[in-house]
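Q: Quick one: the structure is below, and I'll ask about it shortly.
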Amino acid sequence: MNKARTNPANTIAMHGALIAYTLIALFPVFVILVNSFKTRKAIFREPLALPDADSFSLSGYQTVLKQGDFFLYFQNSMIVTLASLFFILLFGAMAAYALSEYRFRGGKFLGLYLALGIMIPIRIGTVAILEMMVATGLVNTHWALILVYTAQGLPLAVFILTEFMRQVSDDLKNAGRIDGLSEYTIFFRLVLPLVRPAMATVAVFNMIPIWNDLWFPLILAPAEATKTLTLGSQVFIGQFVTDWNAVLSALSFAILPVLVLYVIFSRQLIRGITSGAVK
Amino acid sequence: MTALTLTHVSKSFGAVDVLKDISLSVEEGEFVVFVGPSGCGKSTLLRVIAGLEDATAGEVRIGGDLVNRTPPSKRGIAMVFQSYALYPHLNVRKNMTLALRQEGQPKEVIEERVANASRMLNLDPYLDRYPSELSGGQRQRVAIGRAIVRQPKLFLFDEPLSNLDAALRMNTRIEIANLHRQLSASMIYVTHDQTEAMTLADKIVVLRDGRVEQIGTPMELYNNPANQFVAGFLGSPSMNFFPAGLVNEGDARTMGIRPEDLFLSDTGPLGARVVHVEHLGGDTNVIADVQSHQITARLFGQHGIETGQALRLGFKPDKIYHFDAGGLPA
Ligand SMILES: Nc1ncnc2c1ncn2[C@@H]1O[C@H](COP(=O)(O)OP(=O)(O)OP(=O)(O)O)[C@@H](O)[C@H]1O
Ligand SMILES: [Mg+2]
């Protein structure tokens, strides 16, 4: 057993550091949740206090549930995020497999070209994207957002997954070929399950920016029917008056699904981070 | 009938020529071992035979049919990999039957073949386990079982024992030899371990740098090596080489003598100083310097020889080999 791991002083230091980090990371979430249950006055008087009999109020949640079609926004966000993740993972994994498995002319160049996208923010192309979406009639549809987010997520996905797929044993794929499996079966049945931790990592990295994005929903799909949760919450933020109760309640709602998705992926994610460390 | 014929097979990766003009044949039921140092192209040759790599030039015939354009699964071969390459998400039974199910074999045939293979390899208790729940030796047996159930025309083994510990390696080696006898199938076996090569092979193919150095039975290669490389590669400890001038004044050739052909002799022609002694019980390996050349003598039985001691070594004249500057017999 590793000596550093059994030494009590080290254990305490390690857990202390981790607990401190957890507190810092959870603090904003805590503040949002706590204040979403307080009256407007109480929020500003004592932002850190827990709600008590006096300050407790559900007015924020009432506003959120009354105003606008909150569940529709929620559903929109869900559809856009999940569909984007699905396409990022599917196409990312397929491209990564081609790049890692097959030797073909220009393969290295193609890999580099795809990776370049990591460094170029997609928002630079907003105007062109908007023109394209208008031309194709996709404005104010879920597809507008899904396509853009898929494009935005692919470079990093391809980059990470290529590295992981290179590590999948050649012998295993060759055994499949000798046993008569098609390239598709080898990809879906042998390779994908083995890079699942990497897929989870890519999913988590992409999920949060997509879920939180305000920019593209505002520009490409601001219609009532396609509004995402983040965009929907903006109705409570005005130039002169902001309904903080409602904003905080909407945010509390918005945190929930991310948390659920994260829990689903995180088991895999932990394996992804530690894989290779232990055989 | 010949199980496999290679004619002038070459393989290049870009500008690197890995296999150079290889021609050989494997007869029906023969056990052929490819040996050679690491990186000489053994695995590549096996992959070309399996169809996992395309030959750059030359013909590959399996059972008389030209298979250069045939995909691996249709070549009638089965391969056992060094890393076992078991499917991690399938249990042992499914690992063994995947290829047959893929071929669309009837259920009874599949069941019967699995039962046979499992009995032969003592795998019955493990059929429902997953590969991660097996020891290395058990995984190796499953990998072999997966090859057997396909009833291939030709078995390909790529260093199947190199991940096993010494005791298990010996047992599995015997198992493979038994298997060959029972199945009387044609087998190609790749290794860089010359003991495995000598003990298993009907025929050994010695490779170096992508070229065939010599093909023959183990004893042919041991007794009549085609060149200095083959002489040095087979036999353990390996053959001693030193300038023949040490024994015959003015002889420019290289002299070779196997450690087991040296013996202690007060009148022997080689005066040596002992550098190190390995006592193996049955044998004693003496490593000694003759002038500045290190040689190894393998003496039968136990000897009280000590480091630093001077001794004289002799040999029978018919046991020595001579090689010219190019490594060819002279
Ligand atoms: N895909 C490839 N691209 C380029 N070179 C390769 C490729 N595969 C193998 N080689 C080269 O071919 C040579 C032979 O490789 P191979 O794996 O056949 O060696 P080997 O004899 O099996 O060695 P070992 O005993 O270590 O397994 C090596 O020098 C290797 O670098
Ligand atoms: Mg090899």
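Q: Each residue of region A:88-94 in order: what ³J(HN,Hα) in whole Hz does its phi give by Karplus 6.51 cos²θ - 1.76 cosθ + 1.60, θ = phi - 60°, with x for Gly and Pro?
A: 4, 5, 5, 6, x, 5, 5
Q: How far is helix B:136-148 tilted, in degrees, relative to the longest principal axis of the Cα atoms in chain B, given as a value from 0 to 90 rounded to the nearest 10?
A: Around 60 degrees separate the two axes.
Q: How large is the helix-only mean residue ellipticity at 222 nm for the protein assembly as shown, computed as the sum of -39500 (n - 2.57) over DSSP H runs with n ≥ 4, divided by its residue count, in deg cm²/dmol to the nearest 500?
A: After summing the helix terms and dividing by residue count, I get -14500 deg cm²/dmol.
Q: Mind counting lysine pairs for me in chain A? Cα separation below 26 Å, and the two need to be 8 or more apart along the chain or on different chains.
A: The result is 6.
Q: Calculate the mean, over all residues of peptide A:166-177, of how many other protein chain Cβ atoms lie within 10 angstrom of the residue's Cβ.
A: Whole-number average of other-chain Cβ neighbours for A:166-177 is 6.
Q: Something else about it: Using amide H atoms built in the peptide plane, which far-off residues or other-chain residues are under 5 Å from B:Leu156 H to H?
A: Answer set, sorted by chain and number: B:Ala78, B:Met79, B:Val80, B:Ile188.
Q: Something else: At most 16 other Cβ atoms within 10 Å and a DSSP loop assignment: could you name the chymotrypsin sites (Phe, Trp or Tyr not before Pro) in region A:147-213 that fit?
A: The qualifying sites: there are none.
Q: Next question. Compute the distribution of all C-alpha to C-alpha distances in the protein assembly as shown, in bins of 20 Å from 0, and list the percent of pairs in each, rounded to whole numbers.
A: Final binned percentages: 15, 33, 28, 16, 7, 1.
Q: Output the antiparallel fraction of DSSP beta bridges having both residues in the protein assembly as shown, as a percent to the nearest 5.
A: 75 percent
Q: Oh, and also: What is the set of long-range amide H partners of B:Val275 at a cut-off below 5 Å, with H atoms built 1.01 Å from backbone N?
A: Amide H neighbours of B:Val275: B:Ile287, B:Ala288, B:Asp289, B:Gly308.
Q: Please compute the net charge surrounding B:Glu175, taking Lys and Arg as +1 and Asp and Glu as -1 over other residues with Cβ under 12 Å from its Cβ.
A: That works out to +4.
Q: What order do you get for B:75-82, B:116-123, B:143-150 when each peptide is scored by the mean count of other beta carbon atoms within 10 Å, highest first?
A: So the peptides B:75-82, B:116-123, B:143-150, ranked by packing, come out B:143-150, B:75-82, B:116-123.
Q: How big is the equivalent ellipsoid of chain B along its three axes, where each semi-axis is √(5λ) from the Cα gyration tensor, reported in whole Å from largest to smallest?
A: Output for chain B: semi-axes of 44, 25, 15 Å.
Q: So, one more: Restricting to bridges with both residues inside chain B, how much of the DSSP beta-bridge set is antiparallel, in percent to the nearest 5?
A: Here the antiparallel bridges make up roughly 75 percent for chain B.
Q: Let me ask you something else. Would you please give the residues with an amide H less than 5 Å from that of A:Thr228, counting only those at least 5 places away or on a separate chain, with H modeled from the backbone geometry?
A: none
Q: Please arrange A:Ile208, A:Ile178, A:Ile32, B:Ile62 by how many other C-beta atoms lie within 10 Å of their C-beta, fewest to most.
A: The order, fewest Cβ neighbours first, is A:Ile208, A:Ile32, B:Ile62, A:Ile178.
Q: Another question, then. Averaging sequence separations of C-alpha pairs under 8 Å and six or more residues apart, then dividing by the length of chain A, give the relative contact order as a whole percent.
A: 28 percent
Q: Still on this model: Using a cut-off of 10 Å between beta-carbons, work out the net charge of the residues near B:Val48 (Lys and Arg +1, Asp and Glu -1, B:Val48 not included).
A: 0
Q: OK, next. I'm checking a number: the convex hull volume of the Cα atoms of region B:243-323, normalised per residue, in Å³. What is it?
A: Expressed per residue, the convex hull around the Cα atoms of region B:243-323 is 87 Å³.
Q: Moving to a separate point now. Calculate log10 I(q)/I(0) of region A:69-226 for q = 0.10, 0.13 Å⁻¹, where I(q) comes from the Debye formula with a single equal point scatterer on each Cα and nothing for solvent.
A: Each listed q corresponds, in turn, to -0.43, -0.67.
Q: Can you give me the P(r) profile for chain A? Cα pairs, bins 5 angstrom wide beginning at 0, each as a whole percent.
A: That works out to 1, 5, 9, 12, 13, 13, 12, 11, 9, 7, 4, 2, 1, 0, 0, in percent per bin.
Q: Enter the mean number of other protein chain beta carbons within 10 Å of the beta carbon of each residue in A:240-250, as an integer.
A: For this peptide, the per-residue mean of nearby foreign Cβ atoms is 0.
Q: Need one value for B:81-92: mean number of C-beta atoms belonging to other chains within 10 Å of its residues' C-beta atoms.
A: Rounded to a whole number, the mean comes out at 4.
Only the coordinates and a few stated rules stand behind these numbers; no lab work does. Because the structure is a prediction, the values reported are computed rather than measured. Every residue, glycine among them, receives a Cβ derived from its backbone with ideal geometry; neighbour counts consider all protein chains shown.
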